[in-house]
């Protein structure tokens, strides 16, 4: 390992040591879960902001969480960071035979494959790995704790890898219209449970449409949320300048401020 990595491992060991930090010493795998999740989202935020300096810092924080869990596992005599590095290296080599093995002609097989074929082979290799012997479905292994949009897109992608997919985006658009019609019927019938089911189907189909458009639905919604927040805060600023509050404005007046905010390309 590099000198800097070794130094970081030493820092982690000292923090957990007898004369280390009281807070770090009392942590365990469960208590660290919220921090791990927080660091992942901070990395995503840095990526979305295209902020290289922040990304460098947040990746470091995420790496430290990996070391933290590895150190706790070492103390429990389960594994250490070296075992983690070995495991991921061997896994990546094993799952990329088209890169790390050679054809009989002596050329890399990677030159002959497209991304779709590679993904299909990836799933087949995963099935054969001893760690996954108990998995009975191609959908197994997708964390249930993922945000709903991300999980929906991963489920759909897994199904698509084994051929269960629409040929193109056109029938998916028609499916959206079909699901919207079923939602309207549920609304007109006043069946709240069915309304929730049908709305879920609409959202699930929209995620599928996003997949065909090569858009990550989670990223798309986060972007929409950020735009809404910026524009709403712009409205608040305009209202504050006018010396009044929302309660003094009609909906049409508020909507005019919203449209003004939307016209600002910076928002």
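Summary table below
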| quantity | calculated |
| --- | --- |
| Residue 68 vs. criteria in a helix (DSSP H, G or I), touching a helix residue (DSSP H, G or I) at 6+ places or on another chain (Cβ under 8 Å) and modelled with pLDDT of 85 or more | yes |
| Some residue of the stretch 191-206 being outside the structural domain of residue 90 (by TED's automatic domain parsing), within 27 Å of residue 40 (Cα to Cα) and modelled with pLDDT under 95 | no |
| Residue check for residue 227: part of a helix (DSSP H, G or I), out of contact with any helix residue (DSSP H, G or I) (no Cβ under 8 Å at 6 or more places or on another chain) and either free of Cβ contacts under 8 Å to residues at least 24 places away in the same chain or outside the structural domain of residue 47 (by TED's automatic domain parsing) (or both) | yes |
| Those residues of the stretch 239-253 which are surrounded by 14 or more Cβ atoms within 10 Å (Cβ to Cβ) and either under 35 Å from the mean Cα position of the chain (by Cα) or part of a loop (DSSP other than H, G, I, E, B) (or both), in sequence order | 249 |
| Qualifying residue in the stretch 70-80 (condition: within 30 Å of residue 227 (Cβ to Cβ) and either touching a residue at least 24 places away in the same chain (Cβ under 8 Å) or in contact with a strand residue (DSSP E or B) (Cβ under 7 Å, 6 or more places away or on another chain) (or both)) | no |
| Selection count where residues are touching a residue at least 24 places away in the same chain (Cβ under 8 Å) and either assigned to a helix (DSSP H, G or I) or surrounded by 15 or more Cβ atoms within 10 Å (Cβ to Cβ) (or both), scope the stretch 191-220 | 15 |
| Some residue of the stretch 119-141 being touching a helix residue (DSSP H, G or I) at 6+ places or on another chain (Cβ under 7 Å), modelled with pLDDT of 85 or more and either within 30 Å of residue 200 (Cβ to Cβ) or surrounded by 15 or more Cβ atoms within 10 Å (Cβ to Cβ) (or both) | yes |
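The values are calculated or read from the model by the stated rules, or taken from the named source; none is laboratory data. In this text, all values refer to a predicted model and were calculated from it rather than measured experimentally. Cβ atoms come from the backbone with ideal geometry, glycine included; neighbour counts cover every protein chain shown.
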